[in-house]
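The values are calculated or read from the model by the stated rules, or taken from the named source; none is laboratory data. Values in this document were obtained by computation on a predicted structure and should not be read as measured data. Cβ: placed from backbone, ideal geometry, glycine included. Neighbour counts: every protein chain shown. Accessible surface areas use protein heavy atoms only, side chains included; no ligands, DNA or RNA. Shrake-Rupley method; radii C 1.70, N 1.55, O 1.52, S 1.80 Å.
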Amino acid sequence: MTGARTSQLAINGGTPVRGPDKSWPVWPVFDDAECQALADVAQSGRWWYGERIKQFEQEYAAFQDTKHCVTCTSGTAALEIALRVLGIGQGDEVIVPAYTFIATASAVMWVGATPVFADVDDSWNLNPELIEPAITLRTKAIMPVHFAGRVADMDSISAIADRHGLNVIEDACHSWGSKWKGKGTGALGLGGAFSFQFSKNITAAEGGAILSNDDAFAEACRSVANCGRGGEGSEWFVHVRLGTNARMTEFQAAVLSAQLTRLEEQTLRREKNAALLDNELGAIEGLTPQPGDDRITRRAYHLYCLRIRPEEFGCPREQFCSAAQAEGLPIAAGYGRPLYQQPVFANYGGGHDYTQYHCPVSEDLCYASGMWIFHSALLGSEADMRDIVAIVKKIKHHVSELS
Ligand SMILES: *Cc1c(COP(=O)(O)O)cnc(C)c1O
């Protein structure tokens, strides 16, 4: 029976929808396959730059429908290497979204170039209409992010890039398994960067990769990631270009191969659960889930993103998040500021004034409306999703208790 107590919000002392007896799926998901793979590598004594890496690279390229996969130490390194290979550096500009993780912009700075921010739109991705106005004679590339796994409008972005002779490097660090019109992300432009860091949907604690269909670009990325060495068959201590050491280990590759066997099923499960949430939460006044696009034929969910319109819902985002957390829902407000307001830009040279930026959608997402549910929650059951809906409806119903 639901008595008076259960009709009260947990944050006010009521009974939570999900008590401590109910837990969300934990991340990372792993089993004997990972443990055995690690033991096999250890016992083989072949810990470094060998068959496991080659195998994972082939598997991951096939999974994303691309020709080449070059593994490396992180998603950040993957972005830096891609930009380095394009010869982007001092005096050059790269257009990036204002709403993303720091690495999208810091990779540009790390090669000595200048990140130029464009606002996102209601898709939480680069607004194609704001890219062209940001292009100058110094622009060398556009770096869209497929935020939360939701593919950016790659038709528009590619058309703009073609018109201006720019390269497109995808920050695909949220989009393992996402497909645009049937093709995997990563090589929709010249190349793309992936991350296998601990929080990501496929992980070896750390790790990254660059995907591309371009032979010369992929070969140069491999060379840069491997101390500037030449291709297969060339002498080991001959260095043909400036490189770095960004190689991953056989341990990581072995874990990633095991993780990859689950990725498709997990992606489909998250997609199915997200569709339920879209239907139910999208019908609640004052909430808008991150919208899809018919051209996205498979969508990874690194996060389930949701926006609140405080006036219509009845409370500010911070109150909503605290109330939802008290009911047992792991939800967070996400990035607290658009990138151009990060302290690192205050003294960054290059003659670019980062105080000039005002990206209203990014600012609204950061300061008022954006919310994230971590991807592991989407690996739960349908009953778990119904609990999420019940939590949100309960808060909506009792929202006057929050003021
Ligand atoms: C995680 C992430 C990266 C960087 O990946 P690391 O492997 O952590 O270096 C880059 N871009 C975005 C959008 C990310 O979320």
- Report the Stokes-Einstein translational diffusion coefficient (µm² s⁻¹, integer) for the chain, Rh taken as the Kirkwood radius over Cα pairs, at 10 °C with viscosity 1.306 mPa s. 71 µm²/s
- Message: For Cα pairs less than 8 Å apart in space and 6+ apart in sequence, what is the mean separation divided by the residue count of the chain, i.e. the relative contact order in percent?
- Response: 21 percent
- Query: Per the 1.4 Å probe, what fraction of the accessible area of segment 1-158, in percent, lies on carbon and sulfur atoms?
  - Reply: 55 percent
- Here are some pairs, Lys183/Lys393; Lys140/Lys183; Lys181/Lys396; Lys22/Lys396; Lys140/Lys181; Lys181/Lys272; which of them have Cα atoms lying more than 30 Å apart in this structure? Lys183/Lys393; Lys181/Lys396
- 16 Å cut-off, amide nitrogen to a point 7 angstrom out along Gln356 Cα→Cβ, residues in segment 99-140: 114-119, 131-139
- Message: Using a 10 angstrom Cβ neighbour count of at most 10 plus a DSSP loop assignment to flag exposed GluC sites (Glu not before Pro), which longest range of the chain is free of such sites?
- Response: 1-231
- Query: Going by accessible area, probe 1.4 Å, with all protein chains left in place, what is the ranking of Asp155, Asp294, largest first?
  - Reply: Asp294, Asp155
- Highest-fluctuation residue, Ser223, Ser23, Ser199 considered, GNM on the chain with Cα pairs under 10 Å: Ser23
- So for R0 = 60 Å, FRET eff. of Ala283-Trp236 from the Cβ-Cβ r, to 0.05, ends up at 0.45
- Message: Quick check: at a probe of 1.4 Å, how many percent of the accessible area of segment 205-311 sits on carbon and sulfur atoms?
- Response: 51 percent
- Task: Distance from a point 7 Å along Cα→Cβ of Ser156 to each backbone N in segment 112-144: keep the residues under 13 Å and list them by number.
- Result: 119-133
- Task: Give the percent of DSSP beta bridges with both residues in the chain that are antiparallel, rounded to the nearest 5.
- Result: 65 percent
- With every protein chain kept in place and a 1.4 Å probe, segment 350-403 has an accessible area per residue in Å² of 43 Å²
- Take the alpha-carbon centre of segment 218-258, take the same for segment 298-353, and report the distance between them in whole Å. 37 Å
- What value, in deg cm²/dmol to 500, does the helix sum -39500 (n - 2.57) over DSSP H runs of n ≥ 4 give at 222 nm once divided by the residues of the chain? -10500 deg cm²/dmol
- Restrict the search to segment 5-101; then list the trypsin sites (Lys or Arg not before Pro) that DSSP places in a loop and that have at most 15 other Cβ atoms within 10 Å of their Cβ. Lys22, Arg46, Lys67
- Note on the structure: Candidates Gly233, Gly282, Gly184; GNM for the chain (alpha-carbon contacts under 10 Å) flags as most fluctuating Gly233
- Query: From Cα coordinates alone, what are the radius of gyration and Dmax values for segment 116-165 in angstrom?
  - Reply: 10.4, 31
- Message: For a quick check of understanding: with a 1.4 angstrom probe and all protein chains in place, what accessible area in square angstrom does His68 have, to the nearest ten?
- Response: 50 Å²
- With every protein chain kept in place and a 1.4 Å probe, the residues Arg317, Arg247 fall, from largest accessible area down, as Arg247, Arg317
- Item | Cα→Cβ-extended label distance, 7 Å offset, between Gln55 and Arg337, nm | 4.7 nm
- For segment 32-258: accessible area per residue (Å², 1.4 Å): 38 Å²
- Item | Nearest-20 debye value, the chain charge dipole, Cβ charges on Lys, Arg, Asp, Glu | 400 debye
- Message: Which order do you get for Ile102, Ile169 if you rank them by accessible area with a 1.4 Å probe, largest at the top?
- Response: Ile102, Ile169
- Query: Looking at the chain, do any whole DSSP H helices span at least 24 angstrom along their long axis by alpha carbon and average -1.0 or above on Kyte-Doolittle, and which?
  - Reply: 250-282
